[in-house]
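Below is one structure, written out as structure tokens; the observations come after it.
Values in this text are rule-based calculations from the coordinates and carry no lab data. What you see is a predicted model; the values in this text were computed from it and never measured. Here the Cβ is made from the backbone with ideal geometry for all residues, glycine too, and neighbour counts use every protein chain on show.
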Amino acid sequence: MNRNQRIRPLASVSCVLLLLLTSACGKKGGMPPMPPAVVQTAPALKMDTPVIIQAFGNTEEQKSVDVAPQVSGTLLKTLIADGAAVTNGQPLFLIDPSDYAARVRQAEGLVAADKANLDLNRLTLERNRPLLEKELISAENFDTLKTRVEAASAQLSADGATLEQAKLSLSRCTVSSPLAGLCSKRYVDDGNLVAAGMTRLINIRSYDPMIVEFSVSEQYLPLIQRSMAEGEMRIEVGRPDDTNRLSGTVRSVDNAVNPLTGTIMLRGDVPNPDKKLWSQQFVEIRLTAGVIHEAIMVPESAVQFGKNGSYLYVVPADRFAVTTNGPVVVTNSVAEMRPVKTGVRNEGRFQIVEGVAANENVVALGQLMLYPGAKVMDLAKVPSGGAPGPTGGPK
């Protein structure tokens, strides 16, 4: 038996099976209709929607000061603990004041001597004034006395300035905080010799308010500029692991777009009285850049993304009929796939700029089994106490 003779019986059997299947399908009842796809729908709502821009950034202290002594000497005592919160003007360190106290006393002695010398020269001048009028002394001698008074007065001024400098140096032996903030660890132990303007004693950072620096895409620049022209732009800042957010405002926008990233830098101020934010911390930012009035909003889950762009499914509302067996769904609703243009995203919703009108029903869940023209049924709309009945329109 050749190969063609073996194939003919197989072909005959296939034809018989095909005829049997065709005959079975043609009998009363035939193949059962495909049930409608079970979906969950939601209406497209028209509402005023704030434009929220999500970003990430870093915190930065308002001020950071490295505290250094203004006089040299031995560090006698540290008056604060590592990491302490300090106020403006609070004493931090004490430098040995012995040498500076001695300089003050020395300068005070010079000033006292200068005052006595000035008083003597003035008295001598006044005693010789009548003698000049009677021409008992020469004008030259009288001018010499007058010059001595002026020189004594100048010396008193110079030594007075030396006394003031000595007192200032003595006061600087107590190193005080130049701002309110949080201290770092101390960098010098007691007993070490510190140099004026050279030795770093401690660092203090001001954390209230806190600066936040972040970048957003340059596509938002016109929106940000318009919002800033209208008033303050609000921001909400928080750590990724914390649901609590601190409110603040945008301080400034950078004057150039970063050509490498296509972003623009913004800086904001955030009140931080409880020190919830720390310097150089990674944070999440929500920037409110205006409000879109009467925006068409749909659930975020309704919007699908394909190779040709964004789309979603729109369906009309299901109809219901009451029978002896209870309420049944008369499903004449079919899914219509529509390409859409999306806008802003806010509170779990997407703005639909084009493609959907207000109050139209969109499929929020169950798109996996959908295709254009597929029958759909929303179980959430079946009356309570009734089970879904036969599908399809009444005959």
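Check which residues have an amide H placed less than 5 Å from SER177's amide H, if you skip close sequence neighbours.
Those qualifying (amide H under 5 Å, at least 5 residues apart or on another chain) are GLY89, GLN90, LEU92.
How far apart, in nm, are two points set 7 Å out from the Cα along the Cα-to-Cβ line at GLU300 and at ASN58?
2.8 nm
In what sequence, highest mean first, do 294-303, 213-222 appear when ranked by Cβ atoms within 10 angstrom?
294-303, 213-222
HN-Hα J couplings of the range 269-277 from phi, Karplus 6.51/-1.76/1.60, θ = phi - 60°, integer Hz, Gly and Pro as x?
Whole-Hz 3J(HN,Hα) from phi for the range 269-277: 10, 10, x, 9, x, 8, 6, 6, 9.
Projected area of the range 211-290, taken from the Cα convex hull and averaged over every viewing direction, in nm²?
For the Cα atoms of the range 211-290, the hull's average projected area reads 5.6 nm².
My understanding is that a pair violates if its Cα-Cα distance is over 18 Å; which of LYS115/LYS146; LYS63/LYS275; LYS63/LYS167; LYS77/LYS185 do that in this structure?
LYS63/LYS167
Please find the FRET efficiency linking ASP119 to THR147, where r is the Cβ-Cβ separation and R0 is fixed at 22 Å, and quote it to the nearest 0.05.
Approximately 0.85, to the nearest 0.05.
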